[in-house]
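The values are calculated or read from the model by the stated rules, or taken from the named source; none is laboratory data. Quantities reported herein were computed from a predicted structural model and do not represent experimental measurements. Cβ placement follows ideal geometry from the backbone for every residue including glycine, while neighbour counts extend to all protein chains displayed. Quick note on the areas: whole protein, heavy atoms, side chains included, nothing else; ligands and nucleic acids left out. Shrake-Rupley method; radii C 1.70, N 1.55, O 1.52, S 1.80 Å.
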Amino acid sequence: MFSAPFAATFDWSSGVLRGDTVHRSSKTLGQMRGLFRHGATSALPDDTLLYSVQWVAPGTPQAAGALLFGCTHLEPGRVGDEYFMTHGHFHALSSRAEFYLPVSGSGVLLLMTRGGETWAEEMLPGKVLHIDGAHAHRAVNTGAEPLVFWACWPADAGYDYATIAERGFGLRVVEHKGRTVLADQQQ
Ligand code: 6PG
Ligand code: NI
């Protein structure tokens, strides 16, 4: 048995995926206000684009061991002092790891255990970031350009967004006196 022909291309200069099977989703501030410390009082409009994701499911995504890959374009900007970020999630299956490969721009990857222990890794082109399946992950754009990163993950990883929506991450990435710093969640 042969799997379906696979005809996607990825442009490493623009971070754009092309092909018959490319899906796309996006998130606006209106969908994520509650995740930012000063989201409720920010004057930025609800339709402010925070990020878009393109992804591809090669072959048969429901087959055991299938992989997906995609690319996220995270816009530059801040809500108050807090940099634009992805929602962030745990994989529903904690054994399902992931790779992030920054393509352009600069930022921070926040990682967190189920117990709330949180730390940060730099996102810069050329770095290969391995995300343990048990760790929540959130990308933060601390630069002036879009932060673009390619990712690959198991098709059956699944998403737990609710835990992040309820508890957030243990650290926030904020601008303070012209510098990028990590702040405790409540600061
Ligand atoms: C995944 C990846 C990645 C992620 C996007 C958007 O598991 O699919 O981690 O593609 O979904 O960067 O981030 P959120 O899913 O947290 O909105
Ligand atoms: Ni993920």
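Let me check against my output: what whole-number percent is the relative contact order of the chain, with C-alpha pairs under 8 Å and at least 6 apart?
After rounding, I find 22 percent.
Near the amide H of A92, under 5 Å away, which other amide H atoms are found, from residues 5 or more places off or on another chain, if H is placed in the peptide plane?
G158, Y159, D160
Check R78: other-chain or 5+ apart residues with amide H under 5 Å from its amide H, H built from backbone geometry?
Placed amide hydrogens put F84 under 5 Å from R78.
What whole-number volume per residue, in cubic angstrom, does the convex hull of the C-alpha atoms of the range 1-99 give?
Convex hull of Cα atoms, per residue: 131 Å³.
Between A64 and S26, what is the label-point separation in nm under the 7 Å Cα-to-beta-carbon projection?
Spacing of the two 7 Å Cα→Cβ label points: 4.0 nm.
Ignoring ligands, DNA and RNA, what percent of the 1.4 Å accessible area of the chain is carbon and sulfur?
Result for the chain: 54 percent of the exposed heavy-atom area is carbon or sulfur.
Using θ = phi - 60° and the Karplus form 6.51 cos²θ - 1.76 cosθ + 1.60, what ³J(HN,Hα) does each residue of the range 123-139 get, whole Hz, x for Gly and Pro?
Using θ = phi - 60°, the values come out as 10, 9, x, x, 7, 10, 9, 9, 10, 4, x, 8, 9, 5, 9, 9, 9 Hz.
Show me, for the range 175-183, the HN-Hα J-couplings you get by feeding each phi into the Karplus relation (A = 6.51, B = -1.76, C = 1.60, θ = phi - 60°), rounded to Hz, glycine and proline as x.
Here the 3J(HN,Hα) series is 8, 9, 6, x, 10, 8, 9, 8, 10 Hz.
Considering only protein heavy atoms, what per residue accessible area in square angstrom results for the chain with a 1.4 angstrom probe?
The answer is 51 Å² per residue.
About the Cα centre of the chain, how large is the charge dipole given +1 on each Lys and Arg Cβ and -1 on each Asp and Glu Cβ? Please answer in debye to the nearest 20.
The calculated dipole for the chain is roughly 120 debye.
Explain nothing, just the number: relative contact order of the range 12-57, from Cα pairs under 8 Å at least 6 residues apart, as a whole percent.
It rounds to 52 percent for the range 12-57.
With each label point set 7 Å from Cα along the Cα-Cβ vector, what nm distance links A40 and L93?
In this crude spin-label approximation the distance works out to 3.9 nm.
Answer with one residue from H176, F149, V128: the one whose Cα lies farthest towards the positive end of the charge dipole of the range 114-187, charges on Cβ with Lys, Arg +1 and Asp, Glu -1.
In the range 114-187, that residue is H176.
Measure of size requested: the Rg and Dmax of the range 14-184, with Cα atoms as the atom set and Å as the unit; please supply both.
15.5, 51
In nm, what is the difference between 0.36 nm times the number of residues separating E75 and A8 and their Cα-Cα distance?
My answer for the length gained is 21.7 nm.
State the extension gain, in nm to one decimal, for the chain segment bounded by E175 and V128, taking 0.36 nm per residue of separation less the distance between their alpha-carbons.
So the extension gain works out to 14.4 nm.
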